[in-house]
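Can you read through this structure? Questions will come right after.
The values are calculated or read from the model by the stated rules, or taken from the named source; none is laboratory data. Not measured: the values here are computed from a predicted model. Here the Cβ positions follow ideal geometry from the backbone for every residue, glycine too, while neighbour counts run over all protein chains shown. Ligands, DNA and RNA are excluded from the accessible area calculation, which covers all protein heavy atoms including side chains. Shrake-Rupley method; radii C 1.70, N 1.55, O 1.52, S 1.80 Å.
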Amino acid sequence: MANHVLTGKFEVEERLMLTVTLFRQGEVAWRENVLNDAVINKGALARIAEMTTWIDGEYLTVYRADGLIVATPTGLHRLQPVRRRAHRLSHPAPPSSCLPICSHTLSNRPIILPDTVTVAVTLDEKSPGRLPHPDGQVGQAMEAGDRVEIRRAPYHSSW
């Protein structure tokens with residue numbers, strides 16, 4: 001492999017990235033770019049989270065689940081069972097996917113999204129949660145009324 005790089009016989013593949021922004025009281029409180037996924041989960045509490053979700057400003061649903069994942073095609077490869085299901089729905093890999101974690105409603109299924117949309121999520125007041133940093137790293141606490149927006153980053157990652 002090193003010989004291929006040294007001789008210039010390699011290919012560069014661009015990968016979709018997401019920009020995740022946390023708004024608190026209408027102001028940007030935190031922003032990060034991710035390669036794999038953005039996960040909103042219920043934090044350490046032992047109850048489900050209620051997450052109101054919009055796609056491009058249009059109401060989608062209230063997910064009642066342990067969390068929600070918005071994943072890029074690269075991130076879907078890390079989520080093997082979900083990746084296989086998404087792969088059957090869209091080939092080649094979909095631009096991004098919105099996936100409830102352990103949904104408590106059977107009608108809340110994973111959805112495939114074009115990379116042109118913005119996914120917005122707010123937690124209900126009884127569901128404090130955490131928004132992990134890029135790709136499952138250190139978390140960022142969310143408060144009631146916070147809004148998370150997830151959209152295509154303005155650039156790609158090169159591999």
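Residues of region 1-29 being under 15 Å from the mean Cα position of the chain (by Cα) and of a type in the set (A, V, I, L, M, F, W, C), which ones?
Leu16, Met17, Leu18, Val20, Leu22
Same structure, new question: Got at least one residue in region 26-35 being free of Cβ contacts under 8 Å to residues at least 12 places away in the same chain, under 23 Å from His156 (Cβ atoms) and either open to solvent by 60 Å² or more (accessible area, probe 1.4 Å) or in contact with a Ser or Thr (Cβ under 8 Å, 6 or more places away or on another chain) (or both)?
Yes; the residues of region 26-35 include at least one that is free of Cβ contacts under 8 Å to residues at least 12 places away in the same chain, under 23 Å from His156 (Cβ atoms) and either open to solvent by 60 Å² or more (accessible area, probe 1.4 Å) or in contact with a Ser or Thr (Cβ under 8 Å, 6 or more places away or on another chain) (or both).
Out of curiosity, is Val5 at pLDDT below 75, over 25 Å from Pro154 (Cα atoms) and among the aliphatic types (A, V, I, L, M)?
Judged against the criteria, Val5 is a match.
On to the next question. Cβ-Cβ distance below 8 Å, separation of 6 or more or different chains: which pairs start in region 141-156 with a residue that is assigned to a strand (DSSP E or B) and end on one that is loosely packed, with under 13 Cβ neighbours inside 10 Å?
Listed pairs, sorted by first residue: Arg152/Thr116.
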